[in-house]
Amino acid sequence: MARPYVLLSAAVSLDGFLDDTGPERLLLSGPEDFDRVDEVRAGSDAILIGAGTLRTDNPRLLVYSAERRAARLAAGLPEYPLKVTVSASGDLDPEARFWHTGGAKTVYTTDKGARRLSGLLPADVEVVALGPDVEWRAVLDHLGDVKGVRRLMVEGGGSVHTRLLQQGLADEVQLVVAPLFVGEPDAPRMFGHGAYPPGRMRLVETRAVGDVVLMRYVPTAPGAGRLASAADRRWLEVACELAAHCPPSETAFSVGAVVVAADGTELARGHSREGGDPVVHAEEAALAKLDPADPRLASATVYSSLEPCSRRASRPAPCARLIIEAGVRRVVTAWREPDTFVASADGNAVLTAAGVDVVLLPEYEDRAKAPNAHLLPPAARS
């Protein structure tokens, strides 16, 4: 099971605050945006908030529209999305409305926090102990692998949003800007200090919702080392889409490739048999468009729908060797090369032996196989 698609949702003032310091929650959105949020909740498998937000706001975290709940039921889904909170300490109020409304609930905590919560919360609340610490990758892996969550909506607070963005785990930010100022230096902000992924995020939508403005952004900066980021998944999707543009062949795979700089700038893309060349490979086509002296290559990532080849008959240098010679030190791929044309192909091993970090995301294997289904035996097509 793939890690969930992580959507961060928040409303801020024009000067970037989530709330003021008054005793009552500052309502930044209007009726139209509250309805939009309800729609996003209804389209999610789970909704997550941090323990601080649970304590401060005491939310119910429900889908309020009866029509949307009915549509979920008609689709074979629970009436309400799974409600999730994360608390390392286990310091949670058993009387909070969060526990006594809606459907299923899960708490992620430490071993120590689980002992503190034992017998404290309602019997239908699942408490998941993750060891001595709470790691966000472990939370997301459990939600995907065990709970079957494909789409996770995160509604705060600021520290949760900050950690997920800093660790490259947020697939999308839905930020609403309200037409007012807070101006209080001690008021909470959406994002805290620290190191974030480099470069610019990409704006995919902006629109007015009542008197607020919704902006949707997606990350672009690749991950680091062998840890996959949300942007890695998006770029690998692009590579798989490129594979579908290849002229069909009975003697070679259809593959797409993208080269991306560390700041998220796309440097080049290519696909098999591009430009009418019957033997050119995707990574080869992409790298050929770049100046070998481009300093960005040393920190770039190559995304390829298929494992780069380690041996080939059509050209002197296989793609794994071309990547190494280009100075690239990170590759993300979806599908290990089968023995269809080359027995025991292992381009990933060639790359790893040369010091290249290789990240395999098998949840995209079916997309990589799709334009090559005619080359595979039925049992290997999915």
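The values are calculated or read from the model by the stated rules, or taken from the named source; none is laboratory data. Treat the numbers as computed from the prediction; the structure is a model and nothing was measured. No Cβ is skipped: glycine too gets one built from the backbone with ideal geometry, and neighbour counts run over all protein chains shown.
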Item to check | Flag if residue 135 is surrounded by fewer than 18 Cβ atoms within 10 Å (Cβ to Cβ), closer than 29 Å to residue 263 by Cα and not aliphatic (A, V, I, L, M) | outcome: yes
Checklist entry - Which residues, taken from the range 253-287, are of a type in the set (A, V, I, L, M) and either closer than 19 Å to residue 347 by Cα or crowded, with 23+ Cβ neighbours inside 10 Å (or both)? => result 255, 257, 258, 259, 260, 279, 280, 282, 285, 286, 287
Checklist entry - Where residues in the range 18-60 are more than 25 Å from the chain's Cα centre (by Cα), of a type in the set (A, V, I, L, M, F, W, C) and under 18 Å from residue 185 (Cα atoms), which of them is surrounded by the most Cβ atoms within 10 Å (Cβ to Cβ)? => result 28
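Suppose we filter 238, 154 for residues that are touching a Leu at 6+ places or on another chain (Cβ under 9 Å) and modelled with pLDDT of 95 or more; which single one remains?
Numbers: 238 fails: touching a Leu at 6+ places or on another chain (Cβ under 9 Å).
Of 238, 154, the one residue that is touching a Leu at 6+ places or on another chain (Cβ under 9 Å) and modelled with pLDDT of 95 or more is 154.
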Checklist entry - So which pairs qualify, if the first residue must be in the range 180-194 and in contact (Cβ under 8 Å) with a residue 12 or more places away in the chain, the second must be outside any loop (DSSP other than H, G, I, E, B) and small (Gly, Ala, Ser), the Cβ gap must be under 8 Å, and the two must be at least 6 apart or on different chains? => result 188/158; 189/158; 190/10; 190/158; 191/158; 192/158; 192/159
Next on the checklist: Just to be sure before I move on: is residue 328 buried (at least 19 other Cβ atoms within 10 Å of the Cβ), within 27 Å of the chain's Cα centre (by Cα), in a loop (DSSP other than H, G, I, E, B) and among the aliphatic types (A, V, I, L, M) in the structure I sent?
Outcome noted: yes
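Residues that are out of contact with any strand residue (DSSP E or B) (no Cβ under 9 Å at 6 or more places or on another chain), closer than 30 Å to residue 22 by Cα and free of Cβ contacts under 8 Å to residues at least 24 places away in the same chain: which helices (runs of 4 or more DSSP H) entirely in the range 36-123 hold 1 or more of them? Show your work before the answer.
Details: elements: 51-57, 66-74, 97-100, 111-117.
It comes to 97-100.
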Checklist outcome for this item: Residues of the range 12-35 being assigned to a strand (DSSP E or B) and touching a helix residue (DSSP H, G or I) at 6+ places or on another chain (Cβ under 7 Å), in sequence order, are none
Checklist entry - Among the residues of the range 181-191, which ones are part of a loop (DSSP other than H, G, I, E, B) and surrounded by 17 or more Cβ atoms within 10 Å (Cβ to Cβ)? => result 182, 187, 188, 190, 191
Next on the checklist: Which of the numbered conditions does residue 367 fail, given that it passes all the others? Conditions: (1) charged (D, E, K, R); (2) without any contact (Cβ under 8 Å) to a residue 60 or more places away in the chain; (3) buried (at least 16 other Cβ atoms within 10 Å of the Cβ).
Outcome noted: (2)
Checklist outcome for this item: Those residues of the range 341-382 that are on the phi > 0 side of the Ramachandran plot and either at pLDDT 90 or above or assigned to a helix (DSSP H, G or I) (or both) come to a total of 1
Item to check | Filter result (in contact with a Lys or Arg (Cβ under 8 Å, 6 or more places away or on another chain) and modelled with pLDDT of 95 or more) within the range 19-40 | outcome: 38, 39
